[in-house]
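The structure appears below as structure tokens.
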Amino acid sequence: GAGVSQSPSNKVTEKGKDVELRCDPISGHTALYWYRQRLGQGLEFLIYFQGNSAPDKSGLPSDRFSAERTGESVSTLTIQRTQQEDSAVYLCASSSSLGQGFNYGYTFGSGTRLTVV
Amino acid sequence: DAKTTQPPSMDCAEGRAANLPCNHSTISGNEYVYWYRQIHSQGPQYIIHGLKNNETNEMASLIITEDRKSSTLILPHATLRDTAVYYCIVSGHAGGTSYGKLTFGQGTILTVHP
């Protein structure tokens with residue numbers, strides 16, 4: 001598609017359940033990022049995939065969080081044993097990468113609003 | 001990553017130029033300056049980026065000082081739809097551990113008034 005697609009757009013889950021969030025990046029974009037944005041707060045970096053390189057997982061807040069990416073396509077963010085503090089909008093972005101050493105701007109999806117009750 | 005400093009909020013009259021400042025005094029030689037904005041309830045939107053030279057596109061202009069320690073985003077004719085949070089970000093360069101990862105600060109809330 002033309003943009004970054006995320007699903008579901010909204011998810012309400014019970015505390016303790018596992019959730020899986022999906023991101024379809026723009027075709028051909030080698031880089032993919034997950035961010036979290038709590039209500040009224042800024043964006044928190046979670047994880048970054050770049051081609052076949054090992055992902056940068058430095059932003060994952062706990063071992064309950066994990067993410068996978070198949071090649072240069074779909075990515076899934078999994079949160080196990082969800083807690084109320086996990087409630088946030090989870091944003092995915094993708095970008096192309098040039099050899100000159102910078103990424104073109106990210107294109108963000110509309111996000112998944114996760115509510116843990 | 002170098003840190004950036006932005007004013008927490010600014011106001012602008014519709015039709016006037018909005019000039020949003022950003023300080024990035026610890027920027028290193030190969031780091032780029034990026035600007036994004038986030039309109040309420042939407043994902044952030046890329047605006048513009050630059051390294052040394054001033055840049056202009058259909059959305060905005062970016063003025064970077066000669067010492068690269070600060071920059072200004074200019075929206076030449078602000079509209080009500082430009083009301084958003086504007087983020088100034090310094091990006092790591094290729095080969096660095098932070099390459100590609102953009103760290104969003106608190107940004108500047110720009111409010112455009114009729």
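The values are calculated or read from the model by the stated rules, or taken from the named source; none is laboratory data. None of the values given here were measured: they were computed from a predicted structure. Positions of Cβ are generated from backbone atoms using ideal geometry, with glycine treated the same way; all protein chains shown enter the neighbour counts. All accessible areas refer to the heavy atoms of the entire protein, side chains included, with ligands and DNA or RNA removed. Shrake-Rupley method; radii C 1.70, N 1.55, O 1.52, S 1.80 Å.
Prolate is the label for the stretch B:17-68. Its Cα gyration tensor axes, ordered a ≥ b ≥ c, give a/c of at least 1.5 and a/b above b/c.
Between A:THR76 and A:SER9, residue separation times 0.36 nm minus the direct Cα-Cα distance comes to 22.7 nm. Based on the Stokes-Einstein relation at 4 °C and a viscosity of 1.567 mPa s, and on the Kirkwood radius from alpha carbon pairs, chain B is assigned a translational diffusion coefficient of 92 µm²/s. The mean of 1/r over all pairs of different alpha-carbon atoms in the protein assembly as shown, once inverted, gives a Kirkwood hydrodynamic radius of 18.2 Å. Result for chain B in a Gaussian network model with C-alpha springs under 10 Å: among B:SER71, B:SER25, B:SER61, the largest mean-square fluctuation is at B:SER25. Extension gain, B:HIS77-B:THR5: 0.36 nm per intervening residue step, less the Cα-Cα distance, totals 23.5 nm. Peptides A:105-116, A:4-15 ranked from most to least packed by the mean count of surrounding Cβ atoms within 10 Å: A:105-116, A:4-15. In this structure, the pairs whose alpha-carbon distance is over 28 Å, taken from A:LYS11/B:LYS3; A:LYS17/B:LYS101; A:LYS57/B:LYS69; A:LYS15/B:LYS3; B:LYS52/B:LYS101, are A:LYS11/B:LYS3; A:LYS17/B:LYS101; A:LYS57/B:LYS69; A:LYS15/B:LYS3. When chain A is treated as a GNM with alpha-carbon contacts under 10 Å, the residue of A:ASP24, A:ASP63, A:ASP86 showing the greatest mean-square fluctuation is A:ASP63. Once you've got the GNM for chain B with C-alpha springs shorter than 10 Å, pick whichever of B:GLU14, B:GLU66, B:GLU31 has the biggest mean-square fluctuation. Among B:GLU14, B:GLU66, B:GLU31, the largest GNM mean-square fluctuation belongs to B:GLU66. In the stretch B:28-55, what residues drop by 50 Å² or more in accessible surface going from the chain by itself to the full protein assembly, probe 1.4 Å? Those residues are B:TYR32, B:PRO44.
Taking a ≥ b ≥ c as the square roots of the eigenvalues of the Cα gyration tensor of chain A, is the shape rounded (a/c under 1.5), prolate (a/b larger than b/c) or oblate? Taking the square roots of the gyration eigenvalues as a ≥ b ≥ c, chain A is prolate.
Using R0 = 41 Å, the C-beta based FRET efficiency linking B:ALA13 and B:LYS52 works out to 0.80.
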